[in-house]
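Participant: I am attaching a structure below and will ask some questions about it afterwards.
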Amino acid sequence: MTAVSVRVPAKVNLQLGVGPIRDDGYHDLVNVFHAVSLFDEVTAGDAPSLEVSVQAAPYSRVDVGGVPVDGGNLAAKAAGLVAARLGVEPRVAIRIRKAIPVAGGMAGGSADAAAALVACARLWDDRDNPALTRDDLVELGAELGSDVPFAVLGGTAVGVGRGERLTPALTRGTFHWVFATADGGLSTPAVYAECDRIRAAQGEAAAQPVVSEALMTALATGDAKGLGAALANDLQAAALSLRPSLGRVLDAGLDLGAAGALVSGSGPTCAFLAETEEDAGELAEALDGTGVARQILRAQGPVPGAAVV
Ligand code: C5P
(Lines give C-alpha, C1' and ligand atoms only; values in the text may rest on other atoms or scores of the structure.)
Protein backbone atom coordinates (compact mmCIF):
# COMPACT_ATOMS: atom_id res chain seq x y z
CA MET A 1 0.00 0.00 0.00
CA THR A 2 1.41 3.44 -0.89
CA ALA A 3 -1.23 5.89 0.41
CA VAL A 4 -4.04 5.87 2.99
CA SER A 5 -6.73 8.54 3.43
CA VAL A 6 -8.56 9.05 6.71
CA ARG A 7 -11.60 11.23 7.37
CA VAL A 8 -11.86 12.72 10.84
CA PRO A 9 -14.60 14.81 12.49
CA ALA A 10 -14.62 18.10 14.39
CA LYS A 11 -15.97 18.22 17.93
CA VAL A 12 -18.12 20.51 19.97
CA ASN A 13 -18.05 20.37 23.78
CA LEU A 14 -21.56 19.91 25.14
CA GLN A 15 -20.29 20.49 28.67
CA LEU A 16 -16.85 21.86 29.45
CA GLY A 17 -16.46 21.96 33.22
CA VAL A 18 -13.08 23.42 34.18
CA GLY A 19 -11.68 22.64 37.62
CA PRO A 20 -8.70 24.14 39.40
CA ILE A 21 -5.32 24.42 37.70
CA ARG A 22 -3.07 21.41 38.48
CA ASP A 23 0.64 21.29 39.27
CA ASP A 24 1.38 20.28 35.66
CA GLY A 25 -0.36 23.43 34.35
CA TYR A 26 -3.41 21.57 33.03
CA HIS A 27 -6.91 21.82 34.45
CA ASP A 28 -9.04 18.92 35.65
CA LEU A 29 -11.99 18.75 33.32
CA VAL A 30 -15.38 17.25 32.85
CA ASN A 31 -15.48 17.41 29.09
CA VAL A 32 -18.47 16.03 27.19
CA PHE A 33 -17.20 15.68 23.63
CA HIS A 34 -19.57 15.33 20.67
CA ALA A 35 -18.25 14.58 17.17
CA VAL A 36 -20.00 16.46 14.34
CA SER A 37 -20.08 15.96 10.58
CA LEU A 38 -17.50 18.54 9.64
CA PHE A 39 -14.47 16.61 8.40
CA ASP A 40 -10.79 17.05 7.64
CA GLU A 41 -9.15 14.48 5.37
CA VAL A 42 -5.58 13.37 6.00
CA THR A 43 -3.65 11.27 3.47
CA ALA A 44 -0.41 9.52 4.41
CA GLY A 45 1.68 8.37 1.47
CA ASP A 46 5.14 6.89 0.98
CA ALA A 47 7.79 9.60 0.54
CA PRO A 48 11.60 9.94 0.81
CA SER A 49 11.25 11.84 4.14
CA LEU A 50 8.61 13.37 6.45
CA GLU A 51 6.70 16.11 4.60
CA VAL A 52 3.53 18.00 5.51
CA SER A 53 1.21 19.97 3.24
CA VAL A 54 -2.02 21.71 4.16
CA GLN A 55 -4.84 22.99 1.95
CA ALA A 56 -8.43 24.03 2.43
CA ALA A 57 -10.77 21.20 1.43
CA PRO A 58 -12.70 21.67 -1.83
CA TYR A 59 -15.56 24.19 -1.33
CA SER A 60 -14.25 25.04 2.16
CA ARG A 61 -13.33 28.60 3.10
CA VAL A 62 -11.04 27.60 5.98
CA ASP A 63 -8.06 29.92 6.38
CA VAL A 64 -5.08 27.52 6.58
CA GLY A 65 -2.48 30.31 6.79
CA GLY A 66 -1.53 29.66 10.42
CA VAL A 67 -1.12 25.89 10.17
CA PRO A 68 2.50 24.65 10.44
CA VAL A 69 3.80 22.66 7.44
CA ASP A 70 6.83 21.22 9.21
CA GLY A 71 7.56 18.87 12.12
CA GLY A 72 5.63 21.25 14.38
CA ASN A 73 2.34 20.11 12.87
CA LEU A 74 0.61 17.75 15.34
CA ALA A 75 -0.06 15.30 12.48
CA ALA A 76 3.70 15.07 11.80
CA LYS A 77 4.31 14.36 15.49
CA ALA A 78 1.65 11.66 15.28
CA ALA A 79 3.46 10.06 12.32
CA GLY A 80 6.71 10.15 14.31
CA LEU A 81 5.07 8.43 17.28
CA VAL A 82 3.59 5.62 15.16
CA ALA A 83 6.92 5.12 13.35
CA ALA A 84 8.83 4.92 16.63
CA ARG A 85 6.33 2.44 18.04
CA LEU A 86 6.56 0.21 14.95
CA GLY A 87 10.33 0.59 14.56
CA VAL A 88 10.19 2.12 11.07
CA GLU A 89 11.48 5.41 9.64
CA PRO A 90 8.79 8.11 9.31
CA ARG A 91 9.22 8.41 5.53
CA VAL A 92 5.78 9.78 4.81
CA ALA A 93 4.05 12.67 3.11
CA ILE A 94 1.12 13.89 5.20
CA ARG A 95 -1.40 15.81 3.09
CA ILE A 96 -4.11 17.59 5.09
CA ARG A 97 -7.35 18.88 3.53
CA LYS A 98 -9.08 21.12 6.07
CA ALA A 99 -12.77 21.86 6.48
CA ILE A 100 -12.58 22.24 10.28
CA PRO A 101 -11.89 25.87 11.28
CA VAL A 102 -8.26 26.49 12.33
CA ALA A 103 -7.80 27.50 16.00
CA GLY A 104 -11.59 27.59 16.16
CA GLY A 105 -12.33 25.56 19.29
CA MET A 106 -13.41 22.52 17.28
CA ALA A 107 -10.19 20.51 17.79
CA GLY A 108 -9.14 20.58 14.13
CA GLY A 109 -5.43 20.16 14.91
CA SER A 110 -6.20 17.28 17.28
CA ALA A 111 -8.42 15.74 14.60
CA ASP A 112 -5.56 15.85 12.06
CA ALA A 113 -3.25 14.19 14.59
CA ALA A 114 -5.81 11.44 15.23
CA ALA A 115 -6.23 10.92 11.48
CA ALA A 116 -2.45 10.73 11.01
CA LEU A 117 -2.23 8.08 13.77
CA VAL A 118 -4.83 5.94 12.02
CA ALA A 119 -3.41 6.54 8.52
CA CYS A 120 0.22 5.80 9.44
CA ALA A 121 -0.76 2.69 11.40
CA ARG A 122 -2.59 1.42 8.31
CA LEU A 123 0.36 2.37 6.08
CA TRP A 124 3.07 0.71 8.16
CA ASP A 125 1.50 -1.92 10.42
CA ASP A 126 1.04 -5.55 9.44
CA ARG A 127 -2.65 -5.80 8.53
CA ASP A 128 -2.87 -9.52 9.26
CA ASN A 129 -1.11 -9.25 12.59
CA PRO A 130 -1.29 -5.60 13.68
CA ALA A 131 1.00 -4.45 16.48
CA LEU A 132 -1.21 -1.42 17.18
CA THR A 133 -4.87 -1.68 18.18
CA ARG A 134 -7.30 1.24 18.19
CA ASP A 135 -6.83 1.39 21.98
CA ASP A 136 -3.08 1.78 21.40
CA LEU A 137 -3.76 4.68 19.03
CA VAL A 138 -6.04 6.29 21.63
CA GLU A 139 -3.18 5.98 24.15
CA LEU A 140 -0.64 7.46 21.71
CA GLY A 141 -3.14 10.25 21.04
CA ALA A 142 -3.07 11.28 24.71
CA GLU A 143 0.68 11.94 24.35
CA LEU A 144 -0.07 14.42 21.56
CA GLY A 145 -2.89 16.42 23.17
CA SER A 146 -5.89 16.26 25.47
CA ASP A 147 -8.43 16.19 22.61
CA VAL A 148 -6.67 13.67 20.32
CA PRO A 149 -8.00 10.44 21.92
CA PHE A 150 -11.58 11.59 21.38
CA ALA A 151 -10.95 12.34 17.69
CA VAL A 152 -9.81 8.72 17.27
CA LEU A 153 -13.01 7.40 18.91
CA GLY A 154 -15.70 9.92 17.89
CA GLY A 155 -19.35 9.60 18.92
CA THR A 156 -20.19 11.29 22.21
CA ALA A 157 -17.99 10.70 25.24
CA VAL A 158 -17.25 12.06 28.69
CA GLY A 159 -13.59 12.96 29.19
CA VAL A 160 -12.03 13.42 32.63
CA GLY A 161 -8.50 14.18 33.78
CA ARG A 162 -7.09 16.52 31.12
CA GLY A 163 -10.08 15.35 29.05
CA GLU A 164 -8.17 12.36 27.67
CA ARG A 165 -9.71 9.61 29.87
CA LEU A 166 -12.88 8.78 27.94
CA THR A 167 -16.12 6.94 28.58
CA PRO A 168 -18.65 6.70 25.73
CA ALA A 169 -21.99 8.36 26.49
CA LEU A 170 -25.39 6.90 25.68
CA THR A 171 -27.17 8.95 23.00
CA ARG A 172 -30.32 8.59 20.97
CA GLY A 173 -30.91 9.86 17.45
CA THR A 174 -29.20 12.72 15.69
CA PHE A 175 -28.71 16.31 16.82
CA HIS A 176 -28.69 19.18 14.32
CA TRP A 177 -26.10 21.93 14.67
CA VAL A 178 -25.28 25.28 13.16
CA PHE A 179 -21.78 26.72 13.59
CA ALA A 180 -20.74 30.35 13.19
CA THR A 181 -17.03 30.70 12.45
CA ALA A 182 -14.99 33.83 13.14
CA ASP A 183 -12.11 35.62 11.48
CA GLY A 184 -8.90 34.71 13.32
CA GLY A 185 -8.52 32.02 15.96
CA LEU A 186 -8.16 32.06 19.74
CA SER A 187 -5.21 30.44 21.50
CA THR A 188 -6.37 27.63 23.81
CA PRO A 189 -3.70 28.31 26.50
CA ALA A 190 -4.61 32.02 26.42
CA VAL A 191 -8.29 31.24 26.99
CA TYR A 192 -7.52 28.90 29.92
CA ALA A 193 -5.24 31.59 31.38
CA GLU A 194 -8.00 34.18 31.01
CA CYS A 195 -10.41 31.80 32.79
CA ASP A 196 -7.93 31.53 35.70
CA ARG A 197 -7.45 35.31 35.72
CA ILE A 198 -11.21 36.03 35.86
CA ARG A 199 -11.68 33.50 38.66
CA ALA A 200 -8.80 34.95 40.68
CA ALA A 201 -10.10 38.51 40.16
CA GLN A 202 -13.51 37.44 41.42
CA GLY A 203 -11.96 35.62 44.37
CA GLU A 204 -13.68 32.48 43.10
CA ALA A 205 -12.04 29.13 43.89
CA ALA A 206 -12.70 26.62 41.10
CA ALA A 207 -14.65 23.57 42.26
CA GLN A 208 -14.13 20.07 40.85
CA PRO A 209 -16.57 19.88 37.94
CA VAL A 210 -19.26 17.18 37.82
CA VAL A 211 -21.13 15.72 34.86
CA SER A 212 -24.50 17.38 34.25
CA GLU A 213 -27.29 14.84 34.85
CA ALA A 214 -29.72 16.96 32.82
CA LEU A 215 -27.32 16.83 29.88
CA MET A 216 -26.84 13.06 30.11
CA THR A 217 -30.62 12.51 30.26
CA ALA A 218 -31.21 14.77 27.26
CA LEU A 219 -28.55 12.87 25.28
CA ALA A 220 -29.93 9.46 26.22
CA THR A 221 -33.49 10.41 25.28
CA GLY A 222 -32.64 12.38 22.13
CA ASP A 223 -34.20 15.51 23.66
CA ALA A 224 -32.78 18.44 21.66
CA LYS A 225 -34.65 21.05 23.70
CA GLY A 226 -33.31 19.59 26.95
CA LEU A 227 -29.82 19.34 25.50
CA GLY A 228 -29.95 22.95 24.34
CA ALA A 229 -30.87 24.09 27.86
CA ALA A 230 -28.10 21.99 29.44
CA LEU A 231 -25.20 23.12 27.20
CA ALA A 232 -22.48 24.70 29.38
CA ASN A 233 -18.93 25.89 28.85
CA ASP A 234 -16.78 27.21 31.71
CA LEU A 235 -14.38 28.73 29.14
CA GLN A 236 -17.13 30.82 27.57
CA ALA A 237 -16.70 33.86 29.84
CA ALA A 238 -12.97 33.85 29.10
CA ALA A 239 -13.51 33.57 25.33
CA LEU A 240 -16.04 36.44 25.50
CA SER A 241 -13.63 38.51 27.56
CA LEU A 242 -10.92 38.08 24.89
CA ARG A 243 -13.37 38.43 21.97
CA PRO A 244 -16.41 40.48 23.13
CA SER A 245 -17.99 40.39 19.64
CA LEU A 246 -18.87 36.71 20.23
CA GLY A 247 -21.62 37.87 22.60
CA ARG A 248 -23.48 39.35 19.62
CA VAL A 249 -23.10 36.09 17.69
CA LEU A 250 -24.57 34.01 20.53
CA ASP A 251 -27.42 36.49 21.06
CA ALA A 252 -28.23 36.50 17.34
CA GLY A 253 -28.62 32.71 17.28
CA LEU A 254 -30.76 32.66 20.43
CA ASP A 255 -32.95 35.51 19.13
CA LEU A 256 -33.47 33.45 15.97
CA GLY A 257 -34.80 30.54 18.01
CA ALA A 258 -31.84 28.23 18.62
CA ALA A 259 -32.59 25.62 21.31
CA GLY A 260 -29.18 26.35 22.81
CA ALA A 261 -26.00 28.27 22.08
CA LEU A 262 -22.45 28.24 23.36
CA VAL A 263 -18.88 28.98 22.44
CA SER A 264 -17.29 25.77 21.13
CA GLY A 265 -14.41 24.75 23.40
CA SER A 266 -11.99 27.68 23.70
CA GLY A 267 -13.68 29.43 20.74
CA PRO A 268 -14.10 31.54 18.74
CA THR A 269 -16.52 29.29 16.81
CA CYS A 270 -20.05 29.52 18.24
CA ALA A 271 -22.33 26.47 18.21
CA PHE A 272 -26.12 26.50 18.01
CA LEU A 273 -28.37 23.51 18.53
CA ALA A 274 -31.62 23.30 16.56
CA GLU A 275 -34.61 21.15 17.51
CA THR A 276 -35.04 19.63 14.04
CA GLU A 277 -33.16 19.41 10.75
CA GLU A 278 -35.62 21.87 9.24
CA ASP A 279 -35.07 24.33 12.11
CA ALA A 280 -31.31 24.03 11.55
CA GLY A 281 -31.72 24.97 7.90
CA GLU A 282 -33.81 28.01 8.76
CA LEU A 283 -31.49 29.06 11.56
CA ALA A 284 -28.43 28.76 9.32
CA GLU A 285 -30.02 30.88 6.62
CA ALA A 286 -31.22 33.54 9.05
CA LEU A 287 -27.85 33.69 10.87
CA ASP A 288 -26.06 34.02 7.54
CA GLY A 289 -28.30 36.99 6.77
CA THR A 290 -27.24 38.83 9.94
CA GLY A 291 -23.61 38.94 8.78
CA VAL A 292 -22.31 38.35 12.35
CA ALA A 293 -20.09 35.43 11.34
CA ARG A 294 -17.32 34.73 8.84
CA GLN A 295 -19.17 31.62 7.70
CA ILE A 296 -22.20 29.59 8.75
CA LEU A 297 -21.76 25.81 8.66
CA ARG A 298 -24.26 23.03 9.31
CA ALA A 299 -23.44 19.65 10.79
CA GLN A 300 -25.01 16.79 12.67
CA GLY A 301 -23.81 14.60 15.45
CA PRO A 302 -22.81 12.23 16.78
CA VAL A 303 -20.60 10.77 14.00
CA PRO A 304 -17.81 8.16 14.24
CA GLY A 305 -14.15 9.07 14.81
CA ALA A 306 -11.16 8.87 12.47
CA ALA A 307 -11.82 6.27 9.75
CA VAL A 308 -10.03 5.09 6.61
CA VAL A 309 -11.91 6.09 3.45
O1 C5P B 1 -3.49 19.08 25.61
P2 C5P B 1 -3.42 20.21 24.66
O3 C5P B 1 -2.04 20.41 24.10
O4 C5P B 1 -4.46 20.17 23.57
O5 C5P B 1 -3.76 21.50 25.51
C6 C5P B 1 -3.54 22.80 24.99
C7 C5P B 1 -3.50 23.78 26.14
O8 C5P B 1 -4.80 23.89 26.72
C9 C5P B 1 -2.59 23.42 27.28
O10 C5P B 1 -1.30 23.88 27.05
C11 C5P B 1 -3.24 24.15 28.46
O12 C5P B 1 -2.90 25.51 28.45
C13 C5P B 1 -4.72 24.06 28.12
N14 C5P B 1 -5.38 22.92 28.79
C15 C5P B 1 -5.59 22.95 30.15
N16 C5P B 1 -6.22 21.91 30.76
C17 C5P B 1 -6.66 20.85 30.05
C18 C5P B 1 -6.47 20.79 28.65
C19 C5P B 1 -5.83 21.85 28.05
O20 C5P B 1 -5.21 23.92 30.82
N21 C5P B 1 -7.28 19.88 30.67
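Participant: Which peptide among 233-239, 253-259 comes first, and what is the full order, when sorted by highest mean count of other Cβ atoms within 10 Å?
Facilitator: 233-239, 253-259
Participant: Something else now. Per-residue HN-Hα couplings for segment 290-307, Karplus 6.51 cos²θ - 1.76 cosθ + 1.60 at θ = phi - 60°, whole Hz, x for Gly and Pro?
Facilitator: Values, residue by residue: 6, x, 7, 10, 5, 8, 10, 10, 10, 7, 10, x, x, 10, x, x, 3, 9 Hz.
Participant: Could you work out how far apart the two model spin labels at THR290 and GLU204 are, taking each label as a point 7 Å from the Cα in the direction of the beta carbon, and quote it in nm?
Facilitator: Once both label points are built, they end up 2.4 nm from each other.
Participant: Let me ask another. Show the residues, 5+ positions off or on another chain, whose built amide H is closer than 5 Å to the amide H of VAL52.
Facilitator: The list, which skips near neighbours in sequence, is ILE94.
Participant: Stokes-Einstein diffusion coefficient for the chain at 10 °C in a medium of 1.306 mPa s, Rh from the Kirkwood formula over Cα pairs: what value in µm²/s?
Facilitator: Estimated via Stokes-Einstein, D reaches 81 µm²/s.
Participant: With all protein chains present, how much of the accessible area of the chain (probe radius 1.4 Å) comes from carbon and sulfur, to the nearest whole percent?
Facilitator: On the chain, the fraction of accessible area on carbon and sulfur atoms equals 49 percent.
Participant: Another question about this same structure. Given R₀ = 35 Å, FRET efficiency for ASP136-VAL211 by Cβ-Cβ distance, to 0.05? Write down the numbers at each step before the final one.
Facilitator: Working: r = 27 Å, r/R0 = 0.77.
Calculated value: 0.85.
Participant: Going by average Cβ neighbours within 10 Å, how do the peptides 288-301, 195-208 rank, with the highest at the top?
Facilitator: The densest-packed peptide leads the list: 288-301, 195-208.
Participant: Report the one residue of ALA157, VAL308, LEU215 whose Cα lies farthest in the direction of the positive end of the charge dipole of the chain (charges on C-beta: Lys and Arg +1, Asp and Glu -1; origin at the Cα centre).
Facilitator: Of the listed residues, the answer is VAL308.
Participant: Hey, another quick one. Give me the tail of P(r) for segment 1-137 as a percent: Cα-Cα pairs with distance above 19 Å.
Facilitator: Numbers: 4950 of 9316 pairs.
For segment 1-137, the share of Cα pairs beyond 19 Å comes to 53 percent.
Participant: Non-local amide H neighbours of ARG294 (under 5 Å, H modeled in plane, Pro and chain starts lacking H): which ones?
Facilitator: THR181, ALA182, ASP183
Participant: Averaged across orientations, what area in nm² does the convex hull of the alpha carbons in segment 175-301 project?
Facilitator: 7.8
Participant: In debye, nearest 20: dipole of the chain around its Cα centre with unit charges on the Cβ of K, R (+) and D, E (-)? Show your work: numbers first, answer last.
Facilitator: Values: 23 positive and 36 negative charges, 55 e Å.
Value, rounded to 20: 260 debye.
Participant: Related question: Once the Cβ-Cβ distance between THR174 and ASP46 is put in as r, and R0 is 30 Å, what FRET efficiency do you end up with, to the nearest 0.05?
Facilitator: Approximately 0.20, to the nearest 0.05.
Participant: Continuing with the same structure: Determine the dipole magnitude for segment 175-301: charges of +1 sit on the beta-carbon of Lys and Arg, -1 on that of Asp and Glu, nothing else is charged, the reference point is the Cα centre, and the result goes in debye to the nearest 20.
Facilitator: 460
The values are calculated or read from the model by the stated rules, or taken from the named source; none is laboratory data. Source: prediction; values computed, not measured. Every residue, glycine as well, gets a Cβ built from its backbone with ideal geometry; the counts of neighbours run over all protein chains shown. Just so you know, the surface numbers come from the protein's heavy atoms only, side chains and all, with ligands and any DNA or RNA stripped out. Shrake-Rupley method; radii C 1.70, N 1.55, O 1.52, S 1.80 Å.
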